[in-house]
1. When the helices in chain A are scored as -39500 (n - 2.57) per DSSP H run of 4 or longer and the sum is shared across all residues, what 222 nm value do you end up with, to the nearest 500 deg cm²/dmol?
2. If the label point is 7 Å along Cα→Cβ of B:Glu265, which residues in region B:272-298 have backbone nitrogen under 17 Å from it?
3. If you average the sequence gap of Cα pairs under 8 Å that are 6 or more apart and divide by the length of region A:63-276, what percent do you get for the contact order?
4. Could you check what % of the DSSP bridge pairs in the protein assembly as shown are antiparallel, to the nearest 5?
5. Residues of region A:207-240 with amide nitrogen under 17 Å from the 7 Å Cα-to-Cβ point of A:Arg65?
6. Rounded, prolate or oblate: which fits region B:109-185 when a ≥ b ≥ c are the square roots of the eigenvalues of the alpha-carbon gyration tensor, with rounded for a/c under 1.5 and prolate only if a/b beats b/c?
7. Out of A:Gly218, A:Gly191, A:Gly200, any idea which swings most in a Gaussian network model of chain A, alpha carbons joined below 10 Å?
8. Rolling a 1.4 angstrom probe over the protein chains, ignoring ligands and nucleic acids, what is the accessible area of A:Trp38 in square angstrom, nearest 10?
Amino acid sequence: MAKRDNGLNLQSSNLITRFFIGLFVAFMSVFILGPLFWLALQAFTTTWTFPNIKPDGWTLIWWRRVFETPSMVEAIRNSFITAPIVVLLSAVICLPAAYAAARYNYIGRRVFLIGMFAANSFPKLGLFASIATLFYALNLMGTMVGVIIIQLLGTIIYMTWIPAAAFAAVPKNLEEAARDAGASKFRVFRGITLRMAAPGIFVAMVMSFISAFDEAQGTYLVGAPSFFTMPTEMYALVLTYPVQIAAVFSILLAAPSVLLIGLARKQIIGGQLAEGFQIK
Amino acid sequence: MSNEIEGLELIGLSKVLGGRLIIDNLNLTVKKGEMVSLLGPSGCGKTTTLRMIAGFLIPESGTINLAGKDVTKLGPEKRPSAMVFQNYALWPHMTVFKNVAYPLKIRKMGKAEIEKRVHDVLTVVNLMHHKDSRPGQISGGEQQRVALARALVQEPDILLLDEPLSNLDAKLRVKVREDIRALQRRLQITTVIVTHDQDEALSISDRIAVMNDGRIEQFSTPQELYDQPATEYVANFIGSLNRIEGSFGDGQVIAGNEVVGIRPEDVTFSKTQVPGSYPATVDLVVPRGHFYEIYLKRADASFRAFISVDVPKVGDTGFAKINKALIYKDGKLVRTA
């Protein structure tokens, strides 16, 4: 009997636990997704006045307004030009460094890797301000080049750490086997190492793109008043336009990130590295 | 000189790794078409030696001649050698076909020629049905054969095998090693195989180099290694050995400053006395499958014997005869009796 009571107790306590977990998840969902949901609705409403539960009407006019306002179109265009350039530049600069950090045990390797974090852990605005004085001297203020350099800074940590881990995860044996098969060092890197680290590099590129695409602080400091991207345009937008315009813009700003994370998810879960290779 | 051999020649090879002398003035000659094992415990330098032959390590001093050419300073991609790695090192993002075709693709061979050669070699290792599978989708034994095919397709002057069977289960290991031996004989391909498994070395090799601490202790045929182990180390490593301090005379262990090595299979036990046998008591009987290991105590010494017929019981008395003894002094074989 005692045993059975125990079992019942367990079952009921299980049920209570599950109820609270469910409640917590629901609460978090409302907390996280609620504002996004509200934003998505706002982008399509004529007006939505307190205390109405649902919007007063539906419209696409805000979308048209956004695409008919030259400054907004330009901001969108700027964002979609700078972010990919930043990602490519970042890859060119950081991937060799990531490879070196993964494959060679040079003096100062740890310092280099930790240093990447250090740059991100200080208040960025201070860093940007000092860069700005340098940019004034170099005539980079208000230019696309200046903005690209600023955005590049935020991507470095992603482009070194994630690919370094990806390179380190490629078993050395696989590279040696390719050398043994007659491939030059460069060919081994291209055909084996880079190919096998590709999912990690792709994830790094996605994270870098999102970071660059989303960067507002430095971009505003260096780009304004002549060069605006979507996030910096948001500052002006929030102050001078109806909230629905901001909602449309937010959706436009979020869309590429959501799309890319969706794509990267497959790559992350793919787990090709372990396949067919018994790491001992 | 080296042109006559056309196999592999290692001359005065030395290698330092991490500040430690791993290989110490090593010399080895492998004839063309011969299969040689590097046998020894882990840390004896056998894999380091293989990696120097393959070109992954460059020796501090010494010369490596492959097929009559000095390759000491060449990178692995420039050497006429092909290696099968311990964990196979197949490229997981390529199919079996592509794994095997890769070395040919690098040699810029025509598509039709590649197709034909890969087809041929996959037929040899009996893997045609898996040519479109990924390495992750096939078994360990099959992966091993893909690795072998990838090496063979290069038609190397020398095939290097690094513990190729250690990741297979015991049954499969015996089958695969016989397959490898048959293939090696058929293709007449010079082969160096690294192993720590004496059974494997004894059954597969033309000659075995027993390594210890960066040096070759003895380089001989399996039979000679077993019958005439040149050092106490080799005698211990190959087969089983009773090691008794003393000397040997008149079929008995006598006082002395040598070491007497007696193989358990060189001891016979009988109920009746025969010339050269002495009274013995059975202390312990251990069944070992197709034979029994019995612990015998005699007036002069105690030792083990392998017996498969007329197995005695514990406490039985009889007569034990030592048919052969290996006598070592300072670790070196001085005589057999």
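1. Helix contribution divided over all residues of chain A: -26000 deg cm²/dmol.
2. What the label zone holds, given the 17 Å backbone N cut-off, is B:288-294.
3. In percent, rounded to a whole number, it is 31.
4. Once the DSSP bridges in the protein assembly as shown are tallied, antiparallel ones form about 75 percent.
5. A:233-240
6. Values: a/c = 2.11, a/b = 1.38, b/c = 1.53.
Oblate is the answer for region B:109-185, as a/c is 1.5 or above yet b/c matches or exceeds a/b.
7. Answer for the Gaussian network model of chain A: A:Gly191.
8. 110
The values are calculated or read from the model by the stated rules, or taken from the named source; none is laboratory data. Small disclaimer: the values here were computed from a predicted structure and weren't measured. Counting neighbours? That spans all protein chains shown, and the Cβs are built from the backbone with ideal geometry, glycine included. SASA here: full protein model, heavy atoms, side chains in, ligands and nucleic acids out. Shrake-Rupley method; radii C 1.70, N 1.55, O 1.52, S 1.80 Å.
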